[in-house]
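Enquirer: Before I ask anything, here is the structure I am working with.
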Protein chains: 2
Amino acid sequence: MNTIQPHFSPGDQMVDRDLFRSAMASVGAAVHIVTTDGAAGRAGFAATAICSVSDTPPTLLVCLNRSSSVYQAFKENGVLTVNTLTPSHTVLSGLFGGKTPMEERFAAARWLKGETGAPVLADAAVSFDCIIDTRVPSGTHDVLFCRVVMVREGQTDDVLAYHQRRYHRLGQPSLLEG
Amino acid sequence: MNTIQPHFSPGDQMVDRDLFRSAMASVGAAVHIVTTDGAAGRAGFAATAICSVSDTPPTLLVCLNRSSSVYQAFKENGVLTVNTLTPSHTVLSGLFGGKTPMEERFAAARWLKGETGAPVLADAAVSFDCIIDTRVPSGTHDVLFCRVVMVREGQTDDVLAYHQRRYHRLGQPSLLEG
């Protein structure tokens, strides 16, 4: 019989912005570069706030800050590609996560053109080329519901992860029996 | 000058359900047990499809299949806790990911009671106790927009990750310079 204790202990905390960010850093996630191209121009940013929703139809979510410099490009182009990074991409991740001009970001890697026209990172672990179906505002961000129209699988099984504000390798060998 | 090549190669694939699932397995993610309690009873399931949305207000997303046996409990209770697992929780993850009766799932670990009433895993890496603010249907799933009302940080920095359908350890030491 398991016991349900009455409450959080006094050490547990109501949630302000810094506590939430620190706690989310404890979770960890794969790192992606999300790209777009079209009438509003080419743009891209590094992201971890992405997840799968449904396989019927294949749909994933991308969270995007409405105050981001790239927001309008994604909104107007209506398409994007999620490029999941490998451990070799730490420098590229930094370029797409900072204030580097867009041309310099893209000049640092080789890109293909996706079905939607969005740039596909040639050596990504995997890329999901998508049409943005719906935008749902939540706080400072829009959640983009994205229909996946093409997948490109890469040559490596390892992905780049971010956890406790540091990069990690996620992949073979698995450290635990699955 | 980087080159945009004209298109995907013939080896790239249009997206059916199996391809999408295989590609998402390549991404990898932290593993969580999501719990609820209230008038509709106690329930919980293992999940990787969770992500942060906004820190203003602190909000995260949980994706839940509407055909899941636990769906009604989450919908009616209107609250949940996301408990991020550690590498010691592989067996618990399996229990909450399968067909095990709910009482047996919860009997396998020690739980506290969250601010919302939802069960908080005592030795989780981190727990996010939440009120479900909005449900947005997408394909087979509902995306639950959850307001975080309490955070409980655990004693370990390592989290359990799932990648290529195997468990991994994500944590110290970091394998790359961050």
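Enquirer: Exactly one of (1) open to solvent by less than 20 Å² (accessible area, probe 1.4 Å); (2) within 30 Å of residue A:136 (Cα to Cα); (3) modelled with pLDDT under 95 is unmet by residue B:170. Its number?
Expert: (2)
Enquirer: Given the options A:82, A:62, A:159, A:70, name the one that is in contact with a Gly (Cβ under 9 Å, 6 or more places away or on another chain), β-branched (Val, Ile, Thr) and closer than 27 Å to residue B:21 by Cβ. Break it down stepwise before answering.
Expert: Details: A:82 fails: in contact with a Gly (Cβ under 9 Å, 6 or more places away or on another chain); A:62 fails: in contact with a Gly (Cβ under 9 Å, 6 or more places away or on another chain); A:70 fails: closer than 27 Å to residue B:21 by Cβ.
Of A:82, A:62, A:159, A:70, the one residue that is in contact with a Gly (Cβ under 9 Å, 6 or more places away or on another chain), β-branched (Val, Ile, Thr) and closer than 27 Å to residue B:21 by Cβ is A:159.
Enquirer: On to the next question. If I go through the range A:61-78 residue by residue, how many of them are away from chain B (no Cβ under 14 Å), without any contact (Cβ under 8 Å) to a residue 60 or more places away in the chain and either open to solvent by 10 Å² or more (accessible area, probe 1.4 Å) or over 17 Å from residue A:50 (Cβ atoms) (or both)? Spell out how you get there, then give the answer.
Expert: Our first condition is that a residue be away from chain B (no Cβ under 14 Å); within the range A:61-78, this holds for A:69-70, A:72-78.
Pick out the ones that are also without any contact (Cβ under 8 Å) to a residue 60 or more places away in the chain and you get A:69-70, A:72-73, A:76-78.
If we keep only those that are either open to solvent by 10 Å² or more (accessible area, probe 1.4 Å) or over 17 Å from residue A:50 (Cβ atoms) (or both) too, we end up with A:69, A:72-73, A:76-78.
So the answer is 6.
Enquirer: So which strands (runs of 3 or more DSSP E) stay within the range B:31-132 end to end and still have 1 or more residues that are touching an Asp or Glu at 6+ places or on another chain (Cβ under 7 Å)?
Expert: On the way: elements: B:32-36, B:43-47, B:50-55, B:58-65, B:79-84, B:111-113, B:119-121.
Ranges flagged: B:58-65, B:79-84, B:119-121.
Enquirer: Every residue in the range B:104-145 that is more than 26 Å from residue B:58 (Cβ to Cβ) and more than 9 Å from chain A (Cβ to nearest Cβ), please.
Expert: B:104, B:105
Enquirer: Answer yes or no: is there a residue in the range B:42-57 that is among the hydrophobic types (A, V, I, L, M, F, W, C), modelled with pLDDT of 95 or more and over 17 Å from the mean Cα position of the chain (by Cα).
Expert: Scanning the range B:42-57 turns up no residue that is among the hydrophobic types (A, V, I, L, M, F, W, C), modelled with pLDDT of 95 or more and over 17 Å from the mean Cα position of the chain (by Cα).
Enquirer: Determine whether residue B:165 is facing chain A (nearest Cβ under 7 Å), touching a Pro at 6+ places or on another chain (Cβ under 9 Å), in contact (Cβ under 8 Å) with a residue 60 or more places away in the chain and open to solvent by 30 Å² or more (accessible area, probe 1.4 Å).
Expert: no
Enquirer: Of all residues in the range B:16-43 being crowded, with 21+ Cβ neighbours inside 10 Å and touching a Pro at 6+ places or on another chain (Cβ under 7 Å), which is nearest to residue A:28 (Cα to Cα)?
Expert: In the first step, residues of the range B:16-43 are kept if they are crowded, with 21+ Cβ neighbours inside 10 Å; the result is B:20, B:23-24, B:26-37, B:43.
Still in the running and touching a Pro at 6+ places or on another chain (Cβ under 7 Å): B:20, B:35, B:37.
Numbers: B:20: 22, B:35: 20, B:37: 26 Å.
So the residue we want is B:35.
Enquirer: Still on this model: Report yes if some residue within the range A:63-79 is closer than 23 Å to residue B:146 by Cβ and of a type in the set (A, V, I, L, M); otherwise report no.
Expert: Yes, the range A:63-79 has at least one match.
The values are calculated or read from the model by the stated rules, or taken from the named source; none is laboratory data. All figures in this text were calculated on a predicted structure; none of them were measured in a lab. Note that we place each Cβ from the backbone using ideal geometry, even for glycine, and neighbour counts take in every protein chain shown. Accessible surface is based on the protein model in full, side chains and every heavy atom, while ligands, DNA and RNA are left aside. Shrake-Rupley method; radii C 1.70, N 1.55, O 1.52, S 1.80 Å.
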